[in-house]
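See below for the structure under consideration.
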Amino acid sequence: MRQYAAALRAVLTASLMLGVVARAGAAGPLDDALYAWFHRDYATALRLWREYAEQGDAGAQTKLGLMYELGQGLPQDNAEALKWYHLAASHDATAQFNLGAMYEYGHDRLGVVQDYAEAFKWYVSAADQGDANAQFHLGNMYENGLGVPKDYVLAHMHYSLAAALQDGYKYPVKRRNDLEQRMSPAQIAEAQTLAREWKPKVGR
């Protein structure tokens, strides 16, 4: 499960990066790093992202954390991944999501203790900024009672938001539709209202 979670985050991160790759080579070193990463030139990506991460760039810190977490171009090191994610988390929703995923799927052997409460906290921070992946994971936590009481209304709401925030993200729609088989019409209506009224929190 832990390896699946890491691979999933890599795929999701790659999909978010695709729109930037075409600009690489023209917009500066960070896009050069992105282009290199996408083409598995990890040595170049690591060198460029580390330079900017050490200068406090949150996006570079997040991507450096991902390289440590997945062992891309350097030994896999969850402690280093956590360090860079935490440094980026006050400014970067992706770092918040990655922290949430590490704590949700953590394992003592890998240096990250599983902690649903900590995972929930970071997912909420990312979801509040409109992160679709965090919305989906919150839906899963509410549906299955992972660190929070089961709440089908909130699970339904978060699945709906995940689908709306990332066009073409079909899995949350399936999860939401399956969940509706266990909900009353009143609960579904409440969840739909909550989703319609939801707004991202700026500057969290």
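Just so you know, all these numbers are worked out from the coordinates, no wet-lab data involved. What you are looking at is a predicted structure, and each value in this text was computed from that prediction instead of being measured. Virtual Cβ from ideal backbone geometry, glycine too; neighbours counted across all protein chains shown.
Read through the list (1) more than 18 Å from Leu64 (Cβ to Cβ); (2) within 13 Å of the chain's Cα centre (by Cα), then give the number of the only condition that Gln96 fails.
(1)
For segment 164-197, give me each residue that is part of a loop (DSSP other than H, G, I, E, B) and buried (at least 17 other Cβ atoms within 10 Å of the Cβ).
Within segment 164-197, Gln166, Tyr169, Met183 meet the criteria.
Hey, among the residues in segment 72-89 that are surrounded by fewer than 20 Cβ atoms within 10 Å (Cβ to Cβ) and of a type in the set (Gly, Ala, Ser), which one's nearest to Gln61 (Cα to Cα)?
Among those residues, the one meeting the criterion is Ala79.
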